[in-house]
Each structure stands twice: as C-alpha cells, then as structure tokens.
Amino acid sequence: MNKFKKIFLLPVLFGAVVFVTGCSLFEKDDSASLAFRIDKAMVSKIRETASLTEISSRSASRALTDENDEFFLDLSLKGGYEAEKTLPVTEGATATFSDIPVGTSVYVSGVAYRLQTEGEKEVKTLYYAGESEKITIHAGDNSVSLRLKKMGSLSVQITVDSSENDIALSYTVDGTDIVFTATGSETLASTSVYAWYVDGNRQEENTSSFTLTTEGMTAGTYEIGVACGTKSASATIKIE
C-alpha cells in the first residue's frame, strides 16, 4: 500500500522576497518528491534588484527591467541525491524533484540571475544565491528552508564571448562559487595542463576546471583567463 509523503519548502523572507513551495504527491513507499513554486513577490524583487543594478552602474545598454529580459532560478538538490532544475522567474513557475529515496540526506541550493545573449556573447548577471540546511528525507512530512542572499553588494555579472576564445569556456554557479571549465577542442586532452589567471595572476589550479569564490571579493571588474599550449580563453566578472 502506497503511503502519502510530502516535502514542503518553508516560506522564507529574503529581502522582500517570499519563496513559497510545496508538494503533495503519491509516491512509492521508499521515495518522496519535492516541489518549488515561484510567487509574484519573488518576481518583483528580482526585477527590482536588476533595476537598482542598472541605476548603480549606469553602464547597461538598455533597461534591465525590460519585459523581454530573461530571468531564471537554478535549483540544485545535493547530498545523497543530486538533481538540477531551471525555472523561469515568472509567477507560478514550478519544478519538481521526484523519486528522492527515504533516508537520504539532502540540501537545496539556488541561484537567481538574468541571462542576456548577443550572438556568441553571453552575459549572466547573478542577483541572489544560497542554500538550505541538510535534512534527512523520511516518510511523512518533510520541510526545508532556502534562504537566498544578494551576490556581492548588488550583483555579479559574468561575460563570455565565444567568438574571441580558442578554448570553449563554460561555467556553473554553486552558491557564491563560479566553476569554470575549459573544453571543446579535440587537441586538448583532459589530462592537459591548464594555466588559470585572475587579473593576470597565475592560480594554483592546473586542470581543466577552476573555482572562483566571489564571497568576500570587492566591487570591481576581474578578468578570468585560461591557457593550454597556444590556445586560450577568457571571461569577465563584474561585481557591483
């Protein structure tokens, strides 16, 4: 006989944003589901922060609150069970993590950002990031709180122009960490030695991945570079 299992994400106030979610699904005896829903307050707060960023920097090419702008929330379920979901920041948008085994220890991390693309140039502006405490999934009701905090004083902006790079440079965001990965060339093996630089200063990492921790960094613009043999790539990080 199937049991009724639920996981709720408790409403949490961060800034003026209430992140409200919940789930009530019939699942297998040994699993549960976790659902997230974006409400109107969260949509308003992220767009408000985007507008404040533009006013502060005075460098945006167009209004950041344009109705055609693309805003997203990346959610990651981590610990003993891992999964990822991306939600558009629109009222009522919902994502569900299914089949989480009972007894698993997990936590949730999230990043809210604005994405802008112009040809091969991608600009991602991060506004909020954070994670929950760990919980152990059990039969019956579960709850977890996700508290998101501003990245830097207002935002962290990442720009990658693929047309100017010899190496394909991708990245993922994990809380306040940005993990860069150099890939895409058949002439570069995963065992190749990569040289990573921040504003021209060589970093300790020599593999295809490099983690930049933005927490504690001062406002300003930083150049991230990677080289392998004669090939190279770069990205720009702007903290406002």
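The values are calculated or read from the model by the stated rules, or taken from the named source; none is laboratory data. Everything numeric in this text was worked out from a predicted model, so none of it was measured. With ideal geometry, Cβ positions are generated from the backbone for all residues, glycine too; neighbour counts draw on all protein chains shown. To get the accessible areas, we keep the full protein, side chains included, count just its heavy atoms, and leave off ligands, DNA and RNA. Shrake-Rupley method; radii C 1.70, N 1.55, O 1.52, S 1.80 Å.
Inside region 28-73, can you point out the residues that are in a helix (DSSP H, G or I) and either modelled with pLDDT of 75 or more or of a type in the set (V, I, T) (or both)? Correct list: K40, A41, M42, V43, S44, K45, I46, R47, E48, T49, T53, I55.
Scanning region 137-152 for residues that are open to solvent by 60 Å² or more (accessible area, probe 1.4 Å) and at pLDDT 75 or above yields H138, R147, K149, K150. For region 221-237, filtered to residues that are at pLDDT below 90 and either within 30 Å of A50 (Cα to Cα) or not in a strand (DSSP E or B) (or both), the residue that is least open to solvent (accessible area, probe 1.4 Å) is G229.
Against the list (1) closer than 22 Å to S109 by Cβ; (2) at pLDDT below 90; (3) not β-branched (V, I, T), the condition L212 fails is (2). Could you tell me whether region 173-186 includes any residue that is part of a loop (DSSP other than H, G, I, E, B), at pLDDT 75 or above and in contact with a Phe, Trp or Tyr (Cβ under 9 Å, 6 or more places away or on another chain)? No: region 173-186 contains no residue that is part of a loop (DSSP other than H, G, I, E, B), at pLDDT 75 or above and in contact with a Phe, Trp or Tyr (Cβ under 9 Å, 6 or more places away or on another chain).
Give G103, G130, G92 a once-over and let me know the one that is in a loop (DSSP other than H, G, I, E, B) and touching a Gly at 6+ places or on another chain (Cβ under 9 Å).
On the way: G130 fails: in a loop (DSSP other than H, G, I, E, B); G92 fails: touching a Gly at 6+ places or on another chain (Cβ under 9 Å).
The match here is G103.
Under the condition of being surrounded by fewer than 15 Cβ atoms within 10 Å (Cβ to Cβ), assigned to a loop (DSSP other than H, G, I, E, B), without any contact (Cβ under 8 Å) to a residue 60 or more places away in the chain and not charged (D, E, K, R), the residues counted in region 192-220 number 6. Restricting the first member to region 75-93 and to residues that are under 19 Å from K40 (Cβ atoms) and without any contact (Cβ under 8 Å) to a residue 40 or more places away in the chain, and the second to residues that are β-branched (V, I, T) and part of a strand (DSSP E or B), the beta-carbon pairs closer than 8 Å and six or more apart or on different chains are L75/T86; L75/V108. For region 153-172, filtered to residues that are within 17 Å of V111 (Cα to Cα) and part of a loop (DSSP other than H, G, I, E, B), the residue that is least open to solvent (accessible area, probe 1.4 Å) is S155.
For region 111-123: of the residues being touching a residue at least 40 places away in the same chain (Cβ under 8 Å) and in a strand (DSSP E or B), which is nearest to L75 (Cα to Cα)? Please lay out each step first, then the result.
Applying the first criterion (touching a residue at least 40 places away in the same chain (Cβ under 8 Å)) to region 111-123 yields 111-116, 119-122.
Checking which are in a strand (DSSP E or B) leaves us with 111-116, 121-122.
Details: V111: 7, A112: 9, Y113: 12, R114: 15, L115: 16, Q116: 19, K121: 24, E122: 20 Å.
The selected residue is V111.
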